[in-house]
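Just so you know, all these numbers are worked out from the coordinates, no wet-lab data involved. Bear in mind that the values here come from a model prediction, so they are computed numbers and not experimental data. Methodologically, a virtual Cβ is constructed for each residue, glycine included, from the backbone with ideal geometry; neighbour enumeration extends over all protein chains shown.
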Amino acid sequence: MKQSRKLRQYIGIRLGLLTLIMIGVYSILVEFSLVKGMEETAAFNLRRTAADFERAYKANPSTPLPEWSRLKTYLGERDLPEWFKARFSPKSLESGKLLTEEIVLEDNGSREGLILAMACDLFDGRRLYLIETYMEQDDIPGAFRYSENLDILILAIGIGFILLIFMAVRAIFRRVSASLESLADWAGGLTRESLEEPRPGFAFREVDQLADLIQNAVRDLHQALVREHFFLRSASHELRTPIAVLRSNMDLLERLRPDLDDGEKAVYRRMDRAVNTMRRLTETLLWLSRKDENIPVSEPVDIGSLVNDLVEENRYLLKGKHVELQVHAPSVLVAIPKAACRIALANLIRNAFQYTSLGTVEIRVKPDAVIITNTGQVIGFPGPNEADFGFGLGLILVSQIARKLNLAYENGSFPGGHRAVLHLLWDDDSKAACPNSEIG
């Protein structure tokens with residue numbers, strides 16, 4: 001089964017990735033918007049200066065060119081400074097478009113600066129050139145001066161934003177995780193008594209709804225188990241009387257008719273097997289339906305002898321089938337409740353005989369396990385969680401018996417067959433008494 005991930009880890013990773021993507025996109029947009037805004041502001045100021053001059057120049061051609069400490073204007077390309085004409089192509093400048101560039105003047109290589117240049121076509125066809133020059137660091141406008149460190153500034157803001165988001169998400173996760181952990185602890189400690197107590201609150205409505213669903217489901221399950229145990233106890237008690245009557249009448253019949261012919265004896269043996277099976281099944285059901293978990297008193301059981309007896313009792317199921325039976329059942333003593341062990345092994349053997357139509361059935365008794373293997377044509381062999389047509393409970397009963405006796409039980413198919421293994425708890429003294437009982 002694929003290993004599940006923690007909800008906190010899953011949401012945290014995805015929120016972290018989403019935050020990084022948001023910061024990246026936001027940083028690009030901020031940088032673009034800031035630079036674009038600075039350029040648009042500078043371009044607007046130069047256009048407005050050019051428009052003011054054009055209005056005045058139209059009214060009075062002798063209007064002086066606008067100038068101040070950093071702004072120089074030139075009417076026509078002829079008057080432009082040589083360093084500007086050498087660096088740029090004045091004719092290629094678009095009217096009204098801002099040009100920004102960092103420069104180093106040739107007369108003093110240590111003087112770095114920033115120029116903002118624009119060409120504006122006037123009404124008479126002449127061209128006005130506006131050049132705004134900033135040669136000292138302190139003279140550069142603040143927005144342009146800090147644009148060089150814009151990436152570092154955005155990175156610092158992004159890191160701070162990540163830390164803020166991380167702390168906020170962590171606080172949210174802790175709150176939600178604490179609620180879910182409280183729900184898990186409460187659900188894991190549910191008992192018959194606590195089902196009737198008021199349910200604690202879990203801070204969130206959705207978690208409270210989940211707690212209600214769990215409580216109702218456990219309550220329904222408990223009620224179903226109570227009804228099932230009541231039915232098993234009642235049915236088992238009710239069956240004991242007719243089974244006892246059948247047993248008594250069969251014993252009486254055997255004494256009254258000792259001279260039964262072969263056909264009648266076969267019928268009698270089938271009836272005798274059915275009555276014994278019902279008696280043992282009833283006793284086992286009564287034991288399984290008890291409220292206490294006490295394992296019944298164990299007694300030394302010769303597993304090999306028990307397996308041989310069960311094979312003989314169920315051999316009739318192989319009549320008319322081409323099935324080879326291989327039984328390796330040496331004497332192995334195990335301290336175990338005999339009735340429960342007999343029911344479990346009888347179900348396994350009976351199912352192996354019943355569901356094999358062609359092939360081999362091998363029953364092998366080892367000091368620590370009984371292994372039943374069918375190979376060949378296995379028809380519809382029921383799984384460990386499926387009902388069969390044997391005793392009505394079949395392999396489900398075997399699984400329950402093994403669980404209550406603390407026995408390991410395996411039941412599964414393989415290519416070409418089926419195998420069931422009932423592991424046994426047995427005494428070291430018994431092993432010492434049967435040193436040659438192990439089969440490799």
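Can you order the peptides 70-77, 221-228, 183-190 by their average number of other Cβ atoms within 10 Å per residue, highest first?
On the way: 70-77: 16.4, 221-228: 11.0, 183-190: 12.6.
Going from most to least packed, we get 70-77, 183-190, 221-228.
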### Task
Pop a pseudo-label 7 angstrom from the Cα along the beta-carbon direction at both Phe166 and Ala274 and give the gap in nm to one decimal.
7.7
### Query
Going highest first, how would you order 340-351, 118-129 by mean Cβ packing within 10 Å?
340-351, 118-129
### Query
How many nm is it between the label spots at Asp79 and Ile28, if each spot is 7 Å from the Cα in line with the beta carbon?
4.5
### Message
Which entries of Lys265/Lys366; Lys58/Lys97; Lys321/Lys404; Lys36/Lys58 have Cα-Cα distances beyond 25 Å here?
### Response
Lys265/Lys366; Lys321/Lys404; Lys36/Lys58
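Working out 0.36 nm times the residue gap between Ala224 and Ser305, then minus their Cα-Cα distance, what length gain in nm do you get to one decimal? Please report the intermediate quantities before stating the final value.
Details: separation 81, 0.36 × 81 = 29.16 nm, distance 3.95 nm.
Difference between extended and current length: 25.2 nm.
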### Query
So, how do all the Cα-to-Cα distances of region 52-93 break down into 10 Å bins, in percent, from 0 on up?
24, 45, 29, 2
### Query
Using a simple spin-label model with points 7 Å from Cα along the Cα→Cβ vector, what separation in nm is obtained for Lys97 and Leu213?
6.3
### Stokes-Einstein translational diffusion, region 205-283 - Kirkwood Rh over all Cα pairs, 1.567 mPa s, 4 °C, in µm²/s
80
